[in-house]
Amino acid sequence: MASPGVGLSNNTQSSITNLVEQKLRAERAVKAGASWFLMVGVLSLVNSVLSMSGAGIRFIFGLGIAQFVDALARQAGQSGFALSLIINGCAAGVFVLFWNFARKGEHWAFLVGIGLYAMDALVMLMSHDILAVAFHGYALYRIYRGMNGIRALKQFESQLQPAGAPIQPR
């Protein structure tokens with residue numbers, strides 16, 4: 001049987017291993033919550049392209065404001081198509097930015113993203129798309145769970161900090 005190392009007992013090593021495992025779980029939760037921002041942004045662009053091409057299908061995962069912009073763009077004709085892609089591209093880009101910062105554990109990105117996506121759910125509610133509203137609610141729940149992982153992640157990082165600190169001579 002291998003020894004745990006100089007000055008480390010089996011209990012100390014197993015508690016550090018346990019903390020590292022919990023920290024990794026918290027990181028996965030944060031990144032999983034953040035990934036919803038990316039999915040919403042990308043699928044909103046896909047919805048816009050489908051809508052403007054006249055496909056007649058769409059995903060419930062996208063942004064409701066993108067549907068509103070698409071409807072206005074269809075009325076404007078061919079020039080509306082380019083304008084729709086630009087406006088919806090900017091909206092999707094904002095959600096990609098939220099994804100980028102949220103996956104790094106930035107609390108503000110989760111909060112602002114949740115607020116914007118909740119307002120978008122109200123747009124879907126006004127258009128009486130109950131299935132899309134339900135999906136918005138589920139996505140908001142998953143994003144919120146990711147945001148809660150930040151607190152746990154910071155707690156585990158602070159507990160592991162002394163364990164990884166450099167050796168100080170006396």
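A few comments on the model shown:
- Checked against (1) closer than 19 Å to A26 by Cα; (2) part of a helix (DSSP H, G or I); (3) not hydrophobic (A, V, I, L, M, F, W, C), K104 passes all but a single condition, namely (2).
- Any hit, the range 115-126, residues being without any contact (Cβ under 8 Å) to a residue 12 or more places away in the chain, under 16 Å from M39 (Cα atoms) and either of a type in the set (A, V, I, L, M) or in contact with a helix residue (DSSP H, G or I) (Cβ under 6 Å, 6 or more places away or on another chain) (or both): no
- Qualifying residue in the range 84-107 (condition: small (G, A, S), at positive phi and at pLDDT 90 or above): yes
- Selection of the range 40-98 for residues being of a type in the set (S, T, N, Q) and part of a loop (DSSP other than H, G, I, E, B) yields only S53.
- Extreme residue, surrounded by the fewest Cβ atoms within 10 Å (Cβ to Cβ), among residues of the range 102-121 that are of a type in the set (F, W, Y) and out of contact with any His (no Cβ under 9 Å at 6 or more places or on another chain): W108
- Here L97 does not fit the description of being closer than 22 Å to L45 by Cβ, hydrophobic (A, V, I, L, M, F, W, C) and loosely packed, with under 14 Cβ neighbours inside 10 Å.
- Extreme residue, surrounded by the fewest Cβ atoms within 10 Å (Cβ to Cβ), among residues of the range 133-158 that are at pLDDT 90 or above and over 17 Å from the mean Cα position of the chain (by Cα): A134
The values are calculated or read from the model by the stated rules, or taken from the named source; none is laboratory data. Small disclaimer: the values here were computed from a predicted structure and weren't measured. As a convention, Cβ positions derive from the backbone with ideal geometry for all residues, glycine included, and neighbour counts pool all protein chains shown.
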